[in-house]
Amino acid sequence: MYAIAMPRQYTMLYNASHIILPFFKSNSGVMNPDSVSSLNPFASIWCVIENIFLAATAEGLACSMRIPVGEEGLNVAKAVNAPHNYLLPCYIGLGYPNDNQPVIEQIEYSAKQKMHFGKW
């Protein structure tokens, strides 16, 4: 799955009409948290990212996402002159969906079909 997904992530970003770089201001506790509240900036940016995806989808747009690996996020921050204490959690590709893509049919389940009691 990873071998299929990674090249597609690059392709979707490359072909996207817009790229969003959602930086957030990092405190010293994000990478080495000493309490749950020190993760608030990290949690907040992921709520923002989710809202971007929901809003874009509601407008008929498509989104793709890729998380930077290793020093990649720091290199991008340096390239765009982001302040030194800002981090890049992901890249977001934004654009209109390709008309030639197959539509994935959603399988609907009732709550009763998905509830399990005393077993998995």
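The values are calculated or read from the model by the stated rules, or taken from the named source; none is laboratory data. On a predicted model such as this, the values are computed, not experimentally measured, just so you know. Glycine gets a Cβ as well: all are built from the backbone with ideal geometry, and neighbour counts include every protein chain shown.
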*Residues that are in a loop (DSSP other than H, G, I, E, B) and exposed (fewer than 15 other Cβ atoms within 10 Å of the Cβ), drawn from the stretch 1-20*: M1, S17
*asked:* From the list E59, E72, E108, exactly one residue is surrounded by fewer than 11 Cβ atoms within 10 Å (Cβ to Cβ) and closer than 25 Å to S17 by Cα. Which is it?
replied: E59
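Take the residues in the stretch 8-41 that are of a type in the set (V, I, T) and more than 20 Å from A77 (Cβ to Cβ); name whichever of them is farthest from the chain's Cα centre (by Cα). If you could, list the steps in order and put the result at the bottom.
Quick first cut of the stretch 8-41, residues of a type in the set (V, I, T) only: 11, 19-20, 30, 36.
Filter once more, so that each one left must be more than 20 Å from A77 (Cβ to Cβ): 11, 36.
Values: T11: 15, V36: 22 Å.
Result: V36.
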*asked:* Within the stretch 70-84, take every residue that is part of a loop (DSSP other than H, G, I, E, B) and at pLDDT 90 or above and give me the one that is nearest to S26 (Cα to Cα).
replied: P83
